[in-house]
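Encoded as structure tokens, the structure appears first; notes follow it.
The values are calculated or read from the model by the stated rules, or taken from the named source; none is laboratory data. Quick caveat: nothing in here was measured; it's all calculated off a predicted structure. FYI the Cβ positions are ideal-geometry reconstructions off the backbone, even for glycines, and counts take in every protein chain you see. These accessible areas exclude ligands, DNA and RNA; they are computed on the full protein's heavy atoms, side chains included. Shrake-Rupley method; radii C 1.70, N 1.55, O 1.52, S 1.80 Å.
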Amino acid sequence: MTDQQDKPWYTRVPAISVALLAFLVGLTTLVNNVRDWLSDDAPAATAVPANAPANAPGKPAVAPATSQQAPRKTAVLLTLKQIEVIDDGTSGSTAWSFEIEGGGEELFSLASRDYVDTGADAIARPRASDPSIARVVLVPGQEMTIKITGRSSGLISRTVASGSAKLRADGSLAPIRVTADGGKSGEFVFQFATVATPQD
């Protein structure tokens, strides 16, 4: 056996092969270090509750529904149903005319006609030719004064009667008692039907 064959095998590897092997070892170590560094710095995944609703692909998130706003205004329809004649002011029938106002504005008026306080005629209803319906608009919490003024058309003296009540936004209105001024004879009770409708 020659002296060259007696030397260890690695002494026979050319110097360039040794350099290449060292380069590969160093490169492998660098790759492993970079991989470990990236895994340590990766952000943790955000936990999502199991019951959280998932949005359909391509659709924007839907905001939760809000409670509906209360209506800001209410329209109230007033309809005169009847007039109860407690005292027409004379011993027989007496002619009276009436004006109905709401919040200081005229709503409608009833032309002069005879009223009597006895028998079935003591309950007087609007005639077909009489305007008897009005519409007013209120805001929540508002009260409107409904005022009635009556005038008798006697030949000797004329009597004025008046009365009022509060109309509320929910449509409630008490019967309106109309009495003659100055202690004179004359008394009536007006009854209205009301319908309240919320407005947008």
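A few remarks follow.
- Count - residues of the range 137-159 that are touching a strand residue (DSSP E or B) at 6+ places or on another chain (Cβ under 9 Å) and open to solvent by 60 Å² or more (accessible area, probe 1.4 Å): 9
- For Arg127, the conditions (1) open to solvent by less than 60 Å² (accessible area, probe 1.4 Å); (2) not in a strand (DSSP E or B) all hold with the exception of (1).
- The range 180-200, residues that are over 17 Å from Ser91 (Cα atoms), part of a strand (DSSP E or B) and open to solvent by 20 Å² or more (accessible area, probe 1.4 Å): Gln191, Phe192, Ala193, Thr194, Val195, Ala196, Thr197, Pro198, Gln199
- Selected residue (criterion: surrounded by the most Cβ atoms within 10 Å (Cβ to Cβ)) from residues of the range 164-179 that are part of a strand (DSSP E or B) and touching an Asp or Glu at 6+ places or on another chain (Cβ under 9 Å): Leu167
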